[in-house]
Amino acid sequence: MAIGCIRVYQLFRYKTDADYAAEQDITNHDERNLALLERAQSKTFVIMTVGLAVSIIPMNLLGQVLISQVISVIVLLLLATYIVVYWVIYKNN
């Protein structure tokens, strides 16, 4: 809720304050920030995928087979999406 309010305020300020809008445009299109954003997204994907894959083992050991299967499907979908996106990017370059 708080983040939503902050984002609405930022959008309002972006629309009404030209200096703030120019500063945000520069920040959002800066090559360094974009590279950091991509690295953060990449590392987050790896951490999330490995964490989910590792969590399958304790779920099986605890007898939570349904939860383990759901996590397995989620990991499969993540990896399948990664392969498709990689292929599309590779073909476009």
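The values are calculated or read from the model by the stated rules, or taken from the named source; none is laboratory data. Since the structure is predicted, the reported quantities are computational estimates derived from the model, not experimental observations. Positions of Cβ are backbone-derived with ideal geometry, glycine not excepted, and every protein chain shown enters the neighbour counts. In case anyone asks, the SASA skips ligands and DNA or RNA and just uses the protein heavy atoms, side chains included. Shrake-Rupley method; radii C 1.70, N 1.55, O 1.52, S 1.80 Å.
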Counting only residues in region 74-89 that are more than 15 Å from the chain's Cα centre (by Cα), open to solvent by 80 Å² or more (accessible area, probe 1.4 Å) and aliphatic (A, V, I, L, M), the one farthest from residue 56 (Cα to Cα) is identified as 89
Considering residues that are open to solvent by less than 50 Å² (accessible area, probe 1.4 Å) and closer than 22 Å to residue 44 by Cβ, the number found within region 60-71 is 1
The number of residues in region 19-57 that are open to solvent by less than 60 Å² (accessible area, probe 1.4 Å) and either closer than 20 Å to residue 78 by Cα or not in a helix (DSSP H, G or I) (or both) is 9
